[in-house]
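Q: One structure follows; several queries about it will come next.
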Amino acid sequence: VLLSRDPYCLAAMPVHLASALELGMKNELFIRSHKLCEEYPHRAVSWFGVGCYYYCVGNFDSARRYYGKATQMEPSFAPAWMGFGNSFAAQDESDQAMAAYRSANRLFEGCHLPLVAIGMEYQRTNNQP
C-alpha cells in the first residue's frame, strides 16, 4: 500500500526488495531496481536492489559486486551487508560470509537476523563457536 502511494519511499525500500527476493519476484526486482538506479544512482538502496535481482536469478558474483558497491557508498547500510553475506554463503565462501554477517550485526544492533545468519552458517559448515 505504501509503495503504491509513494513508489520511491526509500525508508520502506530495503524491506520491499528483500521480500521480493525471498518471494522470487524477478521482474519486480528488475523493474524496481532499474527505476531506483535512474532516480537515485548515489544511494546504496538502489544498488542493493540490483544485488537482490542478481541474487534472485542465481548470479551470485554479480550480486556480490552490487552489494559491495552499496556498502562502499554507504558503509552503514546493514541490508547490503546481509546480502553480501548471503551471496558469499551461496557459493560456500564461509569466512567472507561470516565477516559480512558480523558487520551487519554491528550495524543492526538489537536485530536477530545477522545472528540467525551466523548460526545458520556455523551449522552449514558443521562448525561450533
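The values are calculated or read from the model by the stated rules, or taken from the named source; none is laboratory data. In this text the structure is predicted, and so the values were computed from the model without any measurement. As a convention, Cβ positions derive from the backbone with ideal geometry for all residues, glycine included, and neighbour counts pool all protein chains shown. Note: accessible area is taken over every heavy atom of the protein model, side chains too, but ligands, DNA and RNA are not part of it. Shrake-Rupley method; radii C 1.70, N 1.55, O 1.52, S 1.80 Å.
Q: Given the conditions (1) assigned to a helix (DSSP H, G or I); (2) over 19 Å from Val15 (Cα atoms), and given that Asp92 satisfies all but one, which numbered condition is not satisfied?
A: (1)
Q: Which residues, counting only those in the stretch 48-69, are among the hydrophobic types (A, V, I, L, M, F, W, C) and more than 13 Å from Leu10 (Cβ to Cβ)?
A: Keep residues of the stretch 48-69 that are among the hydrophobic types (A, V, I, L, M, F, W, C), which gives 48, 50, 52, 56-57, 60, 63.
Those that are among the hydrophobic types (A, V, I, L, M, F, W, C) and more than 13 Å from Leu10 (Cβ to Cβ): Val50, Cys52, Cys56, Val57, Phe60, Ala63.
Q: Could you list, in sequence order, all residues of the stretch 111-127 that are open to solvent by 80 Å² or more (accessible area, probe 1.4 Å), closer than 22 Å to Phe48 by Cα and of a type outside the set (A, V, I, L, M, F, W, C)?
A: Within the stretch 111-127, His112 is the sole residue that qualifies.
Q: Let me ask something else. If you scan the stretch 51-70, which residues turn out to be open to solvent by 10 Å² or more (accessible area, probe 1.4 Å), hydroxyl-bearing (Ser, Thr, Tyr) and under 20 Å from Ile118 (Cβ atoms)?
A: Selection gives Tyr55 alone.
Q: Restricting attention to the stretch 95-109, does a residue exist that is open to solvent by 20 Å² or more (accessible area, probe 1.4 Å), more than 13 Å from the chain's Cα centre (by Cα) and more than 26 Å from Met13 (Cβ to Cβ)?
A: Scanning the stretch 95-109, I find at least one residue that is open to solvent by 20 Å² or more (accessible area, probe 1.4 Å), more than 13 Å from the chain's Cα centre (by Cα) and more than 26 Å from Met13 (Cβ to Cβ), so the answer is yes.
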